[in-house]
Amino acid sequence: MSTVSTHSTLGILATGDNCVDWYDRQQQGYAGGNAVNVAVSARRAGAPVSYVGAVGTDAAGDLIRRRLTEEHVDLSHLHVEDGATALTHVEIIDGDRMFGDYDEGVMESFAPSAEDLDFAAEHAIFASALWGRTEHHLAEIRRRGCLVAFDIADEPARPAAVTAIDQTDLCFTSRLADDADTRALMESIAHRGPSVVVATLGEAGSLALTDGTWHHCPAERVEVIDTMGAGDSFIGGYLAALLEGAEVPECLQAGTRSAARTLRIAGAW
């Protein structure tokens, strides 16, 4: 299974997308984005966490910086670029978030710099996803000793996912059920290199494959206020537990607890 380097001086580096999730009906904005959500959930679980991405020189960028600073996430390598911060329009229907228009803003031209790669090498775990614009840098990050975690969501055929899977130690995906198709997909991913493959299954819980062994964890039953960021929160909780040396079943449980907390609130965190 994936193991965490004992030579790194820092914990988890979440790299990639951020945005303000703008709830049109409520006229309310929340800091979010996959990498930001992972960073905050891992930090709340007790892990030391850094975030690298690009925000604009606007009020939305100020909001993201302020909220991450309040959560004690290291922003020493945050890129602040002239322009607009990413914005996602959101509707909540029966507690389930529905995405509308998305403006990528300055994240459209984001790429980790050489200095960012040096910074990554100081961390035990590097976490990113389809929207992070990091997939072409994963081989170098792994070469420097980081364990690479990557979220392909429900799009395993997307070009970024195809590129990333081969250079990933721990691959996350989202599916609807623990069925033959899900297990076949997870096995195909594992055959390409990742030593651990984890699928979040919504109400059906989560499933992991490592060393040919399957592990299932049921979901916690909670009153769902908003599903925004629940999968990202699962990843953050999982990685925080992994950083502490937990085995796969315990990591699944930690991710489940983290996701359950997120489901009970409006916004991702």
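The values are calculated or read from the model by the stated rules, or taken from the named source; none is laboratory data. Being a predicted model, the structure only gives us computed values, none of them experimental. FYI the Cβ positions are ideal-geometry reconstructions off the backbone, even for glycines, and counts take in every protein chain you see.
Couple of notes before you dig in:
Let's see how each residue does on (1) β-branched (Val, Ile, Thr); (2) within 23 Å of ALA259 (Cα to Cα):
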| position | (1), (2) |
| --- | --- |
| ASN18 | no, yes |
| ARG25 | no, no |
| GLN28 | no, yes |
| GLY33 | no, yes |
| TYR51 | no, yes |
| VAL55 | yes, no |
| ASP58 | no, no |
| GLU71 | no, yes |
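- All positions within the range 151-168 that are of a type in the set (Gly, Ala, Ser) and either over 14 Å from LEU185 (Cβ atoms) or part of a loop (DSSP other than H, G, I, E, B) (or both): ALA153, ALA157, ALA160, ALA164
Table: residues versus (1) under 18 Å from CYS251 (Cβ atoms); (2) of a type in the set (A, V, I, L, M, F, W, C).
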position	(1), (2)
CYS146	yes, yes
ASP151	yes, no
LEU176	no, yes
LEU209	yes, yes
GLY212	yes, no
HIS216	yes, no
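- Among residues of the range 108-133, those that are more than 23 Å from GLY145 (Cβ to Cβ) and touching a His at 6+ places or on another chain (Cβ under 9 Å), counted: 1
- VAL20 being part of a strand (DSSP E or B), under 15 Å from TRP269 (Cα atoms) and either at pLDDT 95 or above or of a type in the set (Val, Ile, Thr) (or both): yes
This table checks each residue for (1) of a type outside the set (S, T, N, Q); (2) touching a strand residue (DSSP E or B) at 6+ places or on another chain (Cβ under 7 Å); (3) within 18 Å of HIS123 (Cα to Cα); (4) buried (at least 24 other Cβ atoms within 10 Å of the Cβ).
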residue: GLN28; (1), (2), (3), (4): no, no, no, no
residue: PRO48; (1), (2), (3), (4): yes, yes, yes, no
residue: ASP58; (1), (2), (3), (4): yes, no, no, no
residue: VAL80; (1), (2), (3), (4): yes, yes, no, no
residue: LEU87; (1), (2), (3), (4): yes, yes, no, no
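- The range 44-61, residues that are free of Cβ contacts under 8 Å to residues at least 60 places away in the same chain and of a type outside the set (A, V, I, L, M): PRO48, TYR51, GLY56, THR57, ASP58, GLY61
- Qualifying residue in the range 62-77 (condition: part of a helix (DSSP H, G or I), touching a strand residue (DSSP E or B) at 6+ places or on another chain (Cβ under 6 Å), over 30 Å from GLU244 (Cα atoms) and touching a residue at least 12 places away in the same chain (Cβ under 8 Å)): yes
- Residue count for the range 242-252, restricted to those that are surrounded by fewer than 24 Cβ atoms within 10 Å (Cβ to Cβ) and assigned to a helix (DSSP H, G or I): 4
- Which listed residue, of ALA153, ALA208, ALA199, ALA160, is aliphatic (A, V, I, L, M), touching a Lys or Arg at 6+ places or on another chain (Cβ under 6 Å), modelled with pLDDT of 95 or more and buried (at least 16 other Cβ atoms within 10 Å of the Cβ): ALA199
- Qualifying positions in the range 30-46 - crowded, with 21+ Cβ neighbours inside 10 Å and charged (D, E, K, R): ARG43
- Residue that is surrounded by the most Cβ atoms within 10 Å (Cβ to Cβ), among those in the range 166-188 that are closer than 18 Å to LEU239 by Cβ and without any contact (Cβ under 8 Å) to a residue 60 or more places away in the chain: THR168
- Condition check for VAL148 on (1) within 28 Å of VAL224 (Cβ to Cβ); (2) free of Cβ contacts under 8 Å to residues at least 24 places away in the same chain; (3) crowded, with 19+ Cβ neighbours inside 10 Å: one failure, at (1).
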